[in-house]
Amino acid sequence: MVSDPGAVTRLLTAAHAGEPGALEELLPLVYGELRGLASGLMRGERSGHTLDPTALVHEAWLRLAGQESLGFAQRAQFFAAAAATMRRILVDHARARRRVKRGGGTASDSELDGLLAAFEERAGDLLALEEALTELAGFDARQSRLVELRFFAGLDMRAT
């Protein structure tokens, strides 16, 4: 389901201006597309991941809506930020799981034995991708942003 671009832009502008109720109106309009982004990102994750697309959307929404001000004037900027936020959530999750594996967490070994083997298969890929994008940004921030928009947000070249 693709949201009405005009309505999304209007509500983003209103939310940026601090208009009461704008975020509450925005979420139903963009939820389907956010869920699609999350599903796409989760497709590359291991089975049995503790996050699912719905949880990923909700966590990303809480982070975005919890900002002092939404700094997005356009629909494409919002979805790019949402995709980047979801990516950071998955990277943070991967880092936390890696810490637990190395003894830095509180979960017992018996609880993690099966999960860690599956996690290790995907966590390295996600962390390596994050490092590669960070390195690319050091050379060419625009190219890094384009890769991020294409890969994580699923935007085509016209939208980026």
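The values are calculated or read from the model by the stated rules, or taken from the named source; none is laboratory data. These figures come from a predicted structure and were not determined experimentally. So basically every Cβ, Gly included, is an ideal-geometry build from the backbone, and we count neighbours across all protein chains shown. Protein only, heavy atoms only, side chains kept; ligands, DNA and RNA dropped before computing areas. Shrake-Rupley method; radii C 1.70, N 1.55, O 1.52, S 1.80 Å.
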Just checking, does the stretch 43-52 include any residue being of a type in the set (A, V, I, L, M) and at pLDDT 85 or above? no
Going through the stretch 30-42 in order, the residues found to be surrounded by fewer than 17 Cβ atoms within 10 Å (Cβ to Cβ) and in contact with a helix residue (DSSP H, G or I) (Cβ under 9 Å, 6 or more places away or on another chain) are TYR31, ARG35, GLY36, SER39, GLY40
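Looking at this structure, is PHE119 within 27 Å of ALA132 (Cα to Cα), in a helix (DSSP H, G or I), modelled with pLDDT of 85 or more and open to solvent by less than 30 Å² (accessible area, probe 1.4 Å)?
On the way: within 27 Å of ALA132 (Cα to Cα): yes; in a helix (DSSP H, G or I): yes; modelled with pLDDT of 85 or more: no; open to solvent by less than 30 Å² (accessible area, probe 1.4 Å): yes.
Answer is no for this residue.
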